[in-house]
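One structure is given here, and the rest of the page talks about it.
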């Protein structure tokens, strides 16, 4: 049997039949141009209806600028990273941190593709450290994710693997008062606004001037917990002050907690913030005295780095313990989690290393059965970075909202969704972080020494050899 020469058979087809074939092919969505074009033309044709927000592979960083907002709730440098395609990403140096932490990184970022978020994070992470010193690295990382989301036209949570929740539970601080009845009423107002989680302050500053409540207060001014004046009380770590709380002092603090609980009730979780610079012994005594009030957690009773001391406190009280807002990178959280030093962790995304690093921290803790709250006190840009991270992390409990009483806070950004509703943050489906700067409002609240994203040419050139190994 003779083999058929397909080429000859094809050439022998009547012209009319070939025309019918091409006509049917065109009706089916093909064309002669598609069949005989180059591979590049084929791809361009096939993707002509794809919504291309930008050309991500060709995206390059061209600039980094700062606009520093004041009293939002603190001084907060907003980062803007610009690109060659006209889209910008926004992040934020942690509240109270210096804009120089971010500007220092500019020369390491120019010309880079912002969509390579993890690679760029590894390039700059050596320039961060614990506390506010991580603010530059973390803020830049937020802005890179914002850019990547805008480039691919998807929300940041989608780039993290998707979301577990459509709204993020918030907890909020409340302006303090020495009168527990007044403070309890303020807390109750939070509940009436829809908040389902609260945090209070009842540190030993409340005992200042009250006779026989604090030992060693004749040397230390316990009212200056937040002072950074040399070797002041606020600048001396807890184990070294040798401040002690008397039984009378403990009773007074317990009475305050009791009065607040009586006002807000027991249905709502009630956590507690910083307490003062005293020792492990008094931390345990305080924890035991207030146990019956079922607080959600006791926060930062010691500096985070004293892992063994934290484990001693946790093992000797029944109220949950928590720390982590000043920790940079996952390694120190791993130590706390693996040693069971605390019951919960609380990274501040703007110190922890940004969005992805915070999610990695949460994922690790989840595997070990440890829950994660998130600390936050900044502008809506960092807030939305937290919201996307919280949405994408399963063991998340609640995110701090420190600006409930600032009427213009949400107006710092342009958005088309409710940022906060009934005590929850809404998770937007907009590209990137989902918000853009409101130039008019930001300019109204700039720090006196700041401009609105002024040029930063002086930071364009790298002046050091950054490699940490040879």
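Points to keep in mind about this one:
- Any hit, segment 274-283, residues being in contact with a strand residue (DSSP E or B) (Cβ under 7 Å, 6 or more places away or on another chain), in a loop (DSSP other than H, G, I, E, B) and surrounded by fewer than 19 Cβ atoms within 10 Å (Cβ to Cβ): yes
Residues are listed down the side, and each one gets a yes or a no for (1) more than 19 Å from residue 382 (Cβ to Cβ); (2) in a loop (DSSP other than H, G, I, E, B); (3) at pLDDT 95 or above:
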position	(1), (2), (3)
434	no, yes, yes
440	yes, no, yes
450	no, yes, yes
453	no, yes, yes
468	yes, yes, no
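- Yes/no for residue 254 being at pLDDT 95 or above and under 29 Å from the mean Cα position of the chain (by Cα): no
- Unmet criterion (only one of (1) in a loop (DSSP other than H, G, I, E, B); (2) touching a strand residue (DSSP E or B) at 6+ places or on another chain (Cβ under 9 Å)) for residue 394: (2)
- Any hit, segment 298-308, residues being part of a helix (DSSP H, G or I), over 27 Å from residue 177 (Cα atoms) and modelled with pLDDT of 95 or more: yes
Conditions (1) outside the structural domain of residue 348 (by TED's automatic domain parsing); (2) in contact with a helix residue (DSSP H, G or I) (Cβ under 7 Å, 6 or more places away or on another chain); (3) closer than 22 Å to residue 388 by Cα, marked per residue:
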| residue | (1), (2), (3) |
| --- | --- |
| 118 | yes, yes, yes |
| 125 | yes, yes, yes |
| 136 | yes, yes, yes |
| 141 | yes, yes, yes |
| 149 | yes, yes, yes |
| 179 | no, no, no |
| 183 | no, yes, no |
| 189 | no, no, no |
| 192 | no, no, no |
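- The residue that is farthest from residue 66 (Cα to Cα), among those in segment 86-113 that are in contact (Cβ under 8 Å) with a residue 60 or more places away in the chain and in a helix (DSSP H, G or I), is 108.
- In segment 195-209, the residues that are at pLDDT below 95 and either in a loop (DSSP other than H, G, I, E, B) or surrounded by fewer than 13 Cβ atoms within 10 Å (Cβ to Cβ) (or both): 201, 202, 203, 208, 209
The values are calculated or read from the model by the stated rules, or taken from the named source; none is laboratory data. It should be emphasised that the depicted structure is a prediction, and the values quoted were computed from it without experimental measurement. Here Cβ is always computed from backbone atoms with ideal geometry, including for glycine, and neighbour counts include all displayed protein chains.
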